[in-house]
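The values are calculated or read from the model by the stated rules, or taken from the named source; none is laboratory data. Small disclaimer: the values here were computed from a predicted structure and weren't measured. Here the Cβ positions follow ideal geometry from the backbone for every residue, glycine too, while neighbour counts run over all protein chains shown.
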Amino acid sequence: MPMEFINQNILLVSLVAVSGLSLLWPLLSGQSGQGVGPVEATRLINREDAHILDVREADEFVAGHLPEAKNIPVSKLAERGSEIETLKGAPIIVCCATGMRSNKACAELKKQGFEKIYNLSGGVDAWVGAGYPIKKGAKKK
């Protein structure tokens, strides 16, 4: 009986399995920064004066980024970490397109001594999907 149900509803069973895995992905992937969604990120920005670090490449950043974000690509974070040295005690929301590169950046920032690191879950894609504004143009120094 259960196999018959699975065989007749393979698409539904697959969808449930994929949904379950995507919910567990942050735990399984060893997420380095505390994950926050767009709503929680906005609260951190408004109430705790959190800074935003976008770790995508410059061309991605110029195409659209969170307002007031600073851009340091994840590949340059080790060598350019001194640019944000003064923010070690401040909350920092790290973002990329979907949250994968920002997870790597969170690990690097922790190695450099940053403590209040938050990974924007779903990245800029989730931010835009939630209807929040983005800015386009040259990177903020």
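Out of all the residues in the stretch 94-118, which are within 17 Å of Glu57 (Cα to Cα) and of a type outside the set (Gly, Ala, Ser)?
Correct list: Val94, Cys95, Cys96, Thr98, Met100, Arg101, Asn103, Lys104, Cys106, Glu108.
If Ala138 satisfies every condition in (1) under 17 Å from the mean Cα position of the chain (by Cα); (2) not assigned by TED's automatic domain parsing to the domain that holds His65 but one, which is the exception?
Only one criterion is unmet by Ala138, namely (1).
Here is a check on your reading of the model: is Thr86 surrounded by fewer than 17 Cβ atoms within 10 Å (Cβ to Cβ), within 23 Å of Pro133 (Cα to Cα), at pLDDT below 95 and among the hydroxyl-bearing types (Ser, Thr, Tyr)?
no
Inspect the stretch 107-114 for any residue being touching a Cys at 6+ places or on another chain (Cβ under 7 Å), touching a residue at least 24 places away in the same chain (Cβ under 8 Å), buried (at least 17 other Cβ atoms within 10 Å of the Cβ) and of a type in the set (Asp, Glu) and give the result as yes or no.
Among the residues of the stretch 107-114, not one is touching a Cys at 6+ places or on another chain (Cβ under 7 Å), touching a residue at least 24 places away in the same chain (Cβ under 8 Å), buried (at least 17 other Cβ atoms within 10 Å of the Cβ) and of a type in the set (Asp, Glu), which makes the answer no.
Give the residue that is farthest from the chain's Cα centre (by Cα), with candidates limited to residues of the stretch 90-100 that are surrounded by fewer than 23 Cβ atoms within 10 Å (Cβ to Cβ) and not hydrophobic (A, V, I, L, M, F, W, C).
By that ranking, first place goes to Pro91.
Out of (1) basic (Lys, Arg); (2) within 13 Å of Ala69 (Cα to Cα); (3) touching a helix residue (DSSP H, G or I) at 6+ places or on another chain (Cβ under 9 Å), the odd one out for Lys116 is which?
(2)
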